[in-house]
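Please treat every number below as a calculation from the coordinates, not as lab data. Because the structure is predicted, anything quoted here is derived from the model rather than measured. Positions of Cβ are generated from backbone atoms using ideal geometry, with glycine treated the same way; all protein chains shown enter the neighbour counts.
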Amino acid sequence: MKNTLFSEEDSRSRASQMLLNKVYFWTNTIKDWYHLLKDNEFKKTIIKSWQYLVEKGKVRIYAFVIMPNHVHIVWEMLEMNGKELPHASFNKFTAHQFLTQLRSVEPKELRRFSSVDNERKHRFWQRDPLAIEMDSREKVEQKIEYIHLNPLQEQWNLAKYPEDYFWSSASFYEEDKDDFGILTHYMDRF
């Protein structure tokens, strides 16, 4: 399998919108590629949000990695979370928690996330996250491999082996460990 993030077909099928009961490879990036997620407390916020959404039956998560400035996840939206899709709830919850955390620990860092739009005072996630529908087992496997190898890339060098990086689903697939209680094996779906 190739270790590439995007193919020509992916770029043609890119959509920010996700539909219920379809599996997507989703990338969400911190505003200006800032390394906010380098701090484990912010990673825990992401996990907490995913745990809630899985526990409530709103999403099914097949693979993920939390990097210093972005997340990749292969997941499926199962049902609305109130009036919004679960990925919108994820963005809203995590942004609110990030704001609270920064106010109490690093209030000067908040300036970095000031927003000039009328929607909100602070923006933590960049607009228009990448969502690519996964309509075959081959695509899912390629994206999962990419996700698990992401921490090993030279620019990151976060682990020697994929399963050694704690903030990823690699150990689930290599060692049958789900430290966060959020994962479903992709072969249960494909």
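Magnitude of the charge dipole for the chain, about its Cα centre and with charges confined to Cβ atoms of Lys, Arg (+1) and Asp, Glu (-1), is about 940 debye.
If each residue's Cβ is checked for other Cβ atoms within 10 Å, how do Ile47, Ile73 rank with the fewest at the top? Please list the in-between numbers first.
Working: Ile47 17, Ile73 24.
By the 10 Å Cβ count, ascending, the order reads Ile47, Ile73.
Counting neighbouring Cβ atoms within 10 Å and putting the fewest first, the residues Tyr186, Tyr34, Tyr161 line up as Tyr161, Tyr34, Tyr186.
Fewest Cβ neighbours within 10 Å first, please rank Val116, Val23, Val140 accordingly.
So the ranking, lowest neighbour count to highest, is Val116, Val140, Val23.
Three principal axis extents of segment 11-119 based on alpha-carbon atoms, in descending order, are 41, 33, 28 Å. Both radii come from the Cα set of the chain: Rg as radius of gyration, Rh as Kirkwood radius; their ratio Rg/Rh reads 0.94. Residues whose amide H lies under 5 Å from that of Trp125, counting only those 5 or more places away or on a different chain, are Lys31; hydrogens are built 1.01 Å from N in the peptide plane. Neighbours of Phe93 by Cβ distance under 13 Å: Lys/Arg scored +1, Asp/Glu scored -1, total +4.
What longest region of the chain stays clear of GluC sites (Glu not before Pro) that DSSP places outside H, G, I, E and B and that have at most 12 other Cβ atoms within 10 Å? Before the final figure, lay out the partial values.
On the way: sites that count: Glu79, Glu119, Glu154.
Result, exposed sites excluded: 1-78.
Please give me the summed charge of the neighbours of Glu106: other residues whose Cβ is under 13 Å from its Cβ, Lys and Arg +1, Asp and Glu -1. Display every interim value, and only then the final one.
Working: positive: Lys38, Arg103, Lys108, Arg111, Arg112; negative: Asp39, Glu41, Glu109.
Result for the neighbourhood of Glu106: +2.
Simple rule: put +1 on each Lys or Arg Cβ and -1 on each Asp or Glu Cβ in the chain, find the dipole, and look at Phe90, Leu158, Met67; the Cα lying farthest toward the positive end is Phe90.
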